[in-house]
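Single-structure report; data block below.
The values are calculated or read from the model by the stated rules, or taken from the named source; none is laboratory data. Here the structure is a predicted model, which is why all the values come from computation and not from measurement. We place every Cβ from the backbone using ideal geometry, glycine too, and count neighbours over all the protein chains shown. Just so you know, the surface numbers come from the protein's heavy atoms only, side chains and all, with ligands and any DNA or RNA stripped out. Shrake-Rupley method; radii C 1.70, N 1.55, O 1.52, S 1.80 Å.
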Amino acid sequence: MNYLNETISYIRKNRVSTTEVADAMGKVGALPNLLPINSDQFKVGKVRCVFTAFESNWDVHEQAKDIQPGEVVIVFTHRCEDRAILGELVAKFILLYQQAEALVIDGRIRDAHAIRRQNYSVWSSGVSPIGCFNEERAPFPEEERNAILDQYGSGIAVCDEGGVVIIPNHLIGEDMLARL
């Protein structure tokens, strides 16, 4: 049995909330300070980690090319301060052209009015009209990147009004499905 697909299917079919998923894991798993830009959103899918750092979104543009349909894209940031990581154009590329299930930014977004108007499935820690620079800069720190991939890579993200909860890959299996 493919527990990843079975768990995603079960959560989607039964609209298992972020609260219920966190409870099934012992009240853990939430990515902090993330809320939906649009209300009435419920998304679930396999996690795709994307990384960017040092007030640049260059790496987001490069990594977005590899996104697969149905994935929940989570953009992890390092030292991007209060700058918006991306806006409407990149969100459109990821959600419409790459067919991601949802887009989660561990940071701010811009073009909130357009993202709301298009009803894009986007979660972030806030908004800012000041964006990152689209230029190549130092990469996301390798050790931190590896730790994030170990914890979240190939996991399952559940996104709703409560925020974003991740079921880590090592918990996906018969026991987790039963607890849900």
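Each residue of the range 91-98 is assigned a 3J(HN,Hα), and the resulting list reads 4, 4, 4, 5, 7, 8, 7, 8 Hz, derived from the Karplus form 6.51 cos²θ - 1.76 cosθ + 1.60 (θ = phi - 60°), x at Gly and Pro. Here the extension length gained between V127 and L35 equals 32.0 nm, from 0.36 nm per residue of separation less the Cα-Cα distance. Roughly how tilted is helix 142-152, in degrees to the nearest 10 and between 0 and 90, from the longest Cα axis of the chain? Relative to the chain, helix 142-152 is tipped by roughly 30 degrees. With contacts taken as Cα pairs under 8 Å and at least 6 residues apart, the chain reaches a relative contact order of 33 percent.
Probing with 1.4 Å while keeping every protein chain in the model, the per residue accessible area of the chain equals 50 Å². Taken along the Cα-to-beta-carbon direction at a fixed 7 Å, the label points for A138 and R179 span 3.8 nm.
Straight-line cross-link partners of K92 among the lysines, defined as a Cα under 16 Å from its Cα and at least 8 positions apart when in the same chain: K65.
Charges were assigned to the Cβ only: +1 to each Lys and Arg, -1 to each Asp and Glu. The resulting dipole of the chain about its Cα centre is roughly 520 debye. When H113, H78, H61, H170 are compared by accessible area of protein heavy atoms, the largest-first order is H170, H113, H61, H78, using a 1.4 Å probe.
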